[in-house]
Amino acid sequence: MISDSMKGHLAVLTMIVVVIAAGCATRMADTLQAPVQTGKETSGAEKQRIASLLAEIEGRNRTIEDNADWIRESYRKFRIRNLASIKEESYEKYGQYLYQGGVYIIVHPAYYAFFHERGRSDKALSKSAPPLRNALDSFLNEAEYSDKVRLVKAQEKYLRDFLEYASTEKRLIILVLPGKYSSYEGYQFKGGNDEYLRYLNEVTNESDSVIYMYSKKPNRGTLAEKDRKRLISFLYRIKAASVLVGGGYVGRCVEDFLKDMEQYYSEEKLYLVPELISISPSDISSSLASDMLLSDGEVDISLLSRSLEMNALGNQEISPKLKRLSLSAAEQ
């Protein structure tokens, strides 16, 4: 029989565990990290530049994007341009935004938070009183005890921070969004405020260097023929040295996109970026998900990269070349 004092100790211990878990979830959502590595070789000027960029993003998040009028408008239209709306003779000017010769293409960003079947609450369908925090940040703030979902949270957190940072830094990014997503049965916010649109407007910061287009279907990463031709023409006109692909899910929509592009575009220029992908919880075991999470909650990119190279993730059928953000060009 458990004594009253022992019961008391167990209750306190349980409370501590819950508080720690909840605290980790909150920290994940509320901190913003630069997707760049700094070390002893990093100059003071570069560190200051990175700090200034982060301060600019956080300032915008606290002021402009917390403004009630801005939030209401963020549900109505994109604040970035659709590739289909850009005249072909204007393509070349986007070459100025290439980062070290590369363009980032993110297929179905934040797919788990907005489109993975998790069950919807009534508040998701509300069209009144928009929440101060966007839906992805709310998702990141939820306490989570499944290693699979903790992994996808860490990946979506990294991608969110990357988009915030890279759009502010004016790196060229193309978002491939789920086609006709607002009417898709799998859209968690169908019938209510367009939370996906708000999220995309927030993380892209109205940047001239960010463009969007749509996949042919909401649950596949392939493009309609006219859109694929438009994208390939754009890539050639800007003279991209590399195409750096991320998004969700690897082995699914991301693989659809890569397999499609390989048929019409130089395979030598296509790379998968491990830091910028997410894995469906359906495509990974709990033990591997646990192994991929470091003690600080970050993703073990080395283990993830090896798993990608070994075709060990879900429906993955191809072994694309990898380019890691966390390594220098000499280390790739």
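For this structure, a couple of remarks:
- Given charges at Cβ of Lys, Arg, Asp, Glu: the chain dipole, positive-most of ILE211, LEU293, LEU98: ILE211
- Restriction of the GluC sites (Glu not before Pro) in region 254-332 to DSSP coil positions whose beta-carbon has at most 12 other beta-carbons within 10 angstrom yields GLU317, GLU331.
- Under a model in which nothing but the beta-carbon of Lys, Arg (+1) and Asp, Glu (-1) is charged, the chain shows a dipole of about 860 debye around its Cα centre.
- Cα Rg over Rh - region 191-332, Kirkwood: 0.97
- Based on DSSP H segments of at least four residues, each scored -39500 (n - 2.57), the chain has a per-residue ellipticity at 222 nm of -13000 deg cm²/dmol.
- If the Kirkwood radius is taken over C-alpha pairs of region 118-247, then at 25 °C and 0.890 mPa s the Stokes-Einstein diffusion coefficient equals 148 µm²/s.
- Of ARG160, ARG237, ARG150, the one that fluctuates the most in a GNM where the chain has Cα springs shorter than 10 Å: ARG237
- Table column - 3J(HN,Hα) (Hz), region 215-222, Karplus curve with 6.51, -1.76, 1.60, x for Gly and Pro: 6, 5, 10, x, 10, 9, x, 6
- Relative contact order for the chain: 23 percent, from Cα pairs under 8 Å spaced at least 6 residues apart, divided by residue count.
- DSSP bridge pairs, region 40-309: antiparallel proportion in percent, nearest 5: 10 percent
- Whole-Hz Karplus values for region 132-146 come out as 5, 9, 6, 5, 5, 5, 5, 4, 5, 7, 5, 5, 9, 10, 8 Hz, taken residue by residue from phi with 6.51 cos²θ - 1.76 cosθ + 1.60 and θ = phi - 60°; glycine and proline positions read x.
- Each of LEU235, ASN82, ILE174 was placed along the dipole of the chain (beta-carbon charges, centred on the mean Cα), and the one lying farthest toward the positive end is ASN82.
- For LEU272, residues with placed amide H under 5 Å, excluding near neighbours: VAL245, LYS321, LEU322, LYS323
- Applying the Karplus relation 6.51 cos²θ - 1.76 cosθ + 1.60 with θ = phi - 60° to region 301-316 yields 3J(HN,Hα) values of 5, 5, 5, 4, 5, 5, 5, 5, 5, 8, 6, 9, 10, x, 8, 4 Hz, where x marks Gly and Pro.
- Neighbour-limited loop hits for chymotrypsin sites (Phe, Trp or Tyr not before Pro), region 224-270 (at most 13 other Cβ within 10 Å; DSSP other than H, G, I, E, B): TYR264
- Cα gyration tensor category, rounded, prolate or oblate, for region 248-332 with a/c compared to 1.5: oblate
- Using a simple spin-label model with pseudo-atoms 7 Å out from Cα toward Cβ, ASP300 and ASP30 lie 3.0 nm apart.
- Annotation: Cα Rg of the chain relative to the compact-globule expectation 2.2 N^0.38 Å equals 1.03.
- GNM result for the chain, Cα springs below 10 Å: residue of SER302, SER52, SER43 fluctuating most strongly: SER43
Throughout, read-outs are computed from the coordinates displayed, never taken from laboratory work. A quick note: this is a predicted structure, and the numbers were derived from the prediction, not measured. Heads up, the Cβs are rebuilt from the backbone with ideal geometry, glycines too, and the neighbour counts pull from every protein chain shown.
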